[in-house]
Amino acid sequence: MRQNFASPRVGGMVALALVIALLPVGLSNNYFYDVAILVGLNAIVCVGLNLLIGYAGQISLGHAGFYGLGAYGSAILSSRYGWPPLLSMLSATLVVAALAFVVGRPILRLKGHYLAMATLGLGVIIFMVIATEDKLTGGPDGMSVVAFKIGSFALREAQLWYWVVGALLLAAVWLALNLIDSPAGRALRALHGSEVGAEVLGIDAARHKLMVFVISAVFASVAGSLNAHFSGFITPSKVTFLHSIELVTMVVFGGMASTFGAVVGAAALTVLPQFLTVLKDYEMMVFGALMMGTMIFMPRGVVPSLARLFAPRRRPEGERKPGSEGAA
Amino acid sequence: MMSTLARYGITRGLAATTAVFLACAGAAFAQGQGPIKIGSVLSITGAASFLGDPEAKTIEFYVEKINAAGGVLGRKLQLITYDDGSDAEKARTFSKRLIEQDKVDVLLGGSSTGTSMPVMPLAAEAQIPFISFGGAVGIIEPVQKWVFKTPHTDRMACEKIFVDMQSRKLTRLALISGAGGFDKSMRTECLNVAKKSGVEVIADENYGAGDTDMTAQLTKIKNTAGVQAVLNAGFGPGPAIVTRNFRQLGMTVPLYQSHGVGSKEFIKLAGAAAEGVRLPAAALLVAKDLPAKDPQRAVVVNYTREYEAKFKSEVSTFGGHAYDGLMLVVGALKSAKSSDKAKVRDALENTKGYMGTGGVVNMSPTDHLGLDLSAFRMLEVKGGNWTLVK
């Protein structure tokens with residue numbers, strides 16, 4: 001067992017660290033850095049969301065809500081009330097964690113479509129509050145956000161942001177990999193397979209589901225806060241239902257129950273539109289065709305499908321997810 | 001994916017290094033040769049596509065036209081347009097791309113206030129002139145050195161309506177507004193300037209984004225004692241529903257709509273209920289009704305004819321804003337006699353007497369819009385069409 005997991009944990013981490021370290025060689029201007037940073041931030045959200053969707057088998061269509069609360073919480077506290085950005089970010093994260101904890105308990109009792117509906121509803125409520133409370137949030141036109149400062153040191157340069165986001169992404173991936181490999185992670189995968197079966201084995205399903213729900217909300221919130229400070233501007237378009245769908249799509253595209261799949265999915269869906277934009281009117285068609293093709297020929301997502309293709313004999317137990325398609 | 005990005009980046013990096021050497025060798029010489037690059041980020045798809053679509057069409061059409069006539073300063077215009085899908089973050093990323101990678105000389109667009117605001121700090125940082133097509137007054141107030149805009153502000157719309165109300169001896173107003181960015185911004189501005197204009201707002205109702213019936217809010221307004229006029233700050237289908245409900249309830253006080261309903265679609269949706277509704281709008285909507293001696297007539301009639309012939313669809317004021325933006329830039333390039341960003345910016349700021357589809361533009365260091373209240377015409381719906389209020 002240990003041997004099998006040593007490879008994604010150590011090998012994968014080293015590969016990701018190398019990619020992050022070497023990528024700047026190819027980033028010739030701030031625009032490329034900008035895209036890379038967005039990839040990193042989306043990847044952090046997806047790594048968290050993947051724990052919930054891919055491993056615990058619980059769908060969330062409201063994660064843009066947590067992302068938005070993190071972004072707006074940090075933006076409002078730092079820009080309207082003059083709190084230090086780091087403190088604002090941490091406070092927003094705490095609030096999001098508390099909300100996810102309180103709401104998660106009843107919501108996670110639901111299954112399948114009902115859970116999807118409940119999380120969707122949560123996301124929509126958060127969106128409506130943010131779009132309506134224009135005194136605080138600037139309403140649908142959005143609000144500007146101060147730069148991220150620690151003491152007198154302001155984080156402005158895209159290069160600096162790149163390293164910060166890169167380090168955080170590594171930390172997020174490391175946390176996720178460790179969690180999956182812990183008893184809690186095994187419990188999650190057990191209840192993904194069969195919730196009744198897991199409970200018979202003495203696993204507290206409700207507690208584990210709640211835990212992973214809160215963790216994924218926290219990941220989303222931190223990425224949201226950072227995005228707000230990095231962009232210097234935030235509008236409710238990042239809190240919409242569509243953005244929730246986008247996040248789930250990234251996870252499914254990259255490969256559910258694969259942490260690196262979540263990273264690849266986030267990267268692909270963030271970078272692709274930037275390249276396809278040269279196609280003008282055909283952009284959406286080509287983008288749609290690529291998505292369809294991937295899901296038809298790689299139904300398990302890019303990373304797990306490729307991993308299987310290149311190592312047909314070795315089948316790590318962690319990759320086997322009966323019924324993982326059903327969760328989408 | 002990543003390796004493509006990396007390889008692409010390395011070539012770019014080499015190109016950039018070479019470019020730096022070249023620039024050192026003969027900056028002035030190299031600069032004068034290539035095309036003048038105009039970068040544009042517009043909401044061609046998504047929620048604000050009704051703004052971005054006519055804007056993109058207009059800019060593309062007129063850039064072609066200008067190039068066919070020999071370009072500006074003997075150089076061709078090169079247009080680079082990106083679609084932000086009505087997403088502010090994409091607008092920011094694409095603007096960065098225009099500045100950093102495409103190295104454009106001027107930025108046009110930001111179809112809405114939301115997609116313009118995140119571009120403003122980038123323009124300031126890169127010191128590049130930026131003309132927004134967003135409506136809110138917050139884009140030009142406080143004035144930012146590199147930021148201009150062409151559409152009339154919501155504050156002007158409020159003021160225009162209040163002036164009209166005063167001429168009809170109406171002072172007690174009921175406000176009803178929607179949930180969109182435009183609606184909210186206009187409501188705030190109207191509340192701000194009401195007192196100064198001698199208008200008292202005695203009711204202030206809201207409706208949601210997808211509401212299909214506003215009878216409840218209007219009933220409340222109807223039962224508020226002393227309401228002399230109703231103003232609806234709204235966009236999209238909302239105002240048409242308000243207008244219908246308004247007539248269904250048998251309300252007889254004057255109803256004002258905002259410049260946000262300035263398209264034939266509103267009259268179609270509201271039907272007979274639209275009769276008698278007044279709104280402030282640019283002269284573009286009544287191009288053919290303008291008196292022959294009106295100085296704006298030539299511009300708006302021309303634009304209407306060319307746009308409708310090319311795209312077989314009716315003009316909207318939004319495309320007009322893009323037309324004005326492009327022409328202001330062309331004018332500034334000509335008077336600056338260079339595509340140098342700082343010189344173009346100075347020329348933009350000194351624009352005087354430009355006659356556009358939105359009105360006469362007189363920019364100054366304290367006014368980066370340059371339109372006054374005369375730019376708005378008060379229109380009234382009569383016989384299913386816009387007519388000028390005399």
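Can you find a residue that is in contact with a Cys (Cβ under 7 Å, 6 or more places away or on another chain) and either surrounded by fewer than 23 Cβ atoms within 10 Å (Cβ to Cβ) or at positive phi (or both) anywhere in the range B:177-197? So far as the range B:177-197 goes, yes, one or more of its residues are in contact with a Cys (Cβ under 7 Å, 6 or more places away or on another chain) and either surrounded by fewer than 23 Cβ atoms within 10 Å (Cβ to Cβ) or at positive phi (or both). Quick check on A:ALA98: is it more than 21 Å from A:ILE53 (Cβ to Cβ) and either of a type outside the set (Ser, Thr, Tyr) or open to solvent by 20 Å² or more (accessible area, probe 1.4 Å) (or both)? Criteria met by A:ALA98.
Considering the conditions (1) open to solvent by 50 Å² or more (accessible area, probe 1.4 Å); (2) in a loop (DSSP other than H, G, I, E, B), B:ASP204 is excluded by exactly one of them, (2).
Every residue, every condition in (1) under 18 Å from B:LEU170 (Cα atoms); (2) touching a strand residue (DSSP E or B) at 6+ places or on another chain (Cβ under 6 Å); (3) open to solvent by 10 Å² or more (accessible area, probe 1.4 Å); (4) not in a helix (DSSP H, G or I), yes or no:
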| position | (1), (2), (3), (4) |
| --- | --- |
| B:THR224 | yes, yes, yes, yes |
| B:LEU231 | yes, yes, no, yes |
| B:GLY236 | no, no, yes, yes |
| B:THR243 | no, no, no, no |
| B:TYR256 | yes, yes, no, yes |
| B:GLU265 | no, no, yes, no |
| B:ALA272 | no, no, yes, no |
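Just one residue in the set B:THR357, B:THR351, B:THR366 is under 20 Å from B:SER258 (Cβ atoms), under 20 Å from the mean Cα position of the chain (by Cα) and of a type in the set (Val, Ile, Thr); that residue is B:THR357.
Which one of these is of a type outside the set (Ser, Thr, Tyr), open to solvent by 30 Å² or more (accessible area, probe 1.4 Å) and within 14 Å of chain B (Cβ to nearest Cβ): A:LEU27, A:LEU18, A:LEU77?
On the way: A:LEU27 fails: open to solvent by 30 Å² or more (accessible area, probe 1.4 Å); A:LEU77 fails: within 14 Å of chain B (Cβ to nearest Cβ).
After applying the criteria, what remains is A:LEU18.
Quick one: would you say B:ALA27 is at pLDDT below 85 and more than 14 Å from chain A (Cβ to nearest Cβ)? When the stated conditions are applied, B:ALA27 passes them. Selection of strands (runs of 3 or more DSSP E) fully inside the range B:70-149 by the criterion of at least 1 residues being more than 9 Å from chain A (Cβ to nearest Cβ) and open to solvent by 10 Å² or more (accessible area, probe 1.4 Å) returns B:77-83. Of all residues in the range B:334-384, those satisfying the criterion of being on the phi > 0 side of the Ramachandran plot and either buried (at least 22 other Cβ atoms within 10 Å of the Cβ) or touching a His at 6+ places or on another chain (Cβ under 6 Å) (or both) are B:GLY359, B:GLY370.
The residues of the range A:116-154 that are in contact with a helix residue (DSSP H, G or I) (Cβ under 6 Å, 6 or more places away or on another chain), surrounded by fewer than 17 Cβ atoms within 10 Å (Cβ to Cβ) and of a type outside the set (D, E, K, R), listed by number, are A:LEU136, A:ILE150.
From the list B:ALA203, B:ALA194, B:ALA179, exactly one residue is without any contact (Cβ under 8 Å) to a residue 40 or more places away in the chain and within 14 Å of another protein chain (Cβ to nearest Cβ). Which is it?
Details: B:ALA203 fails: within 14 Å of another protein chain (Cβ to nearest Cβ); B:ALA194 fails: within 14 Å of another protein chain (Cβ to nearest Cβ).
Just one listed residue meets the conditions, B:ALA179.
Among the residues making up the range B:166-193, those that are more than 19 Å from the chain's Cα centre (by Cα), outside any loop (DSSP other than H, G, I, E, B) and more than 16 Å from B:ILE221 (Cα to Cα) are B:GLN166, B:SER167, B:LEU191, B:ASN192, B:VAL193.
Scanning the range B:93-144 for residues that are among the basic types (Lys, Arg) and either within 20 Å of B:THR188 (Cβ to Cβ) or at pLDDT 95 or above (or both) gives no hits.
The values are calculated or read from the model by the stated rules, or taken from the named source; none is laboratory data. This one's a predicted model, so the numbers in the text were calculated from it and none came from an experiment. Reconstructed Cβ throughout: ideal geometry from the backbone, glycine too, with neighbour counts over all protein chains shown. All accessible areas refer to the heavy atoms of the entire protein, side chains included, with ligands and DNA or RNA removed. Shrake-Rupley method; radii C 1.70, N 1.55, O 1.52, S 1.80 Å.
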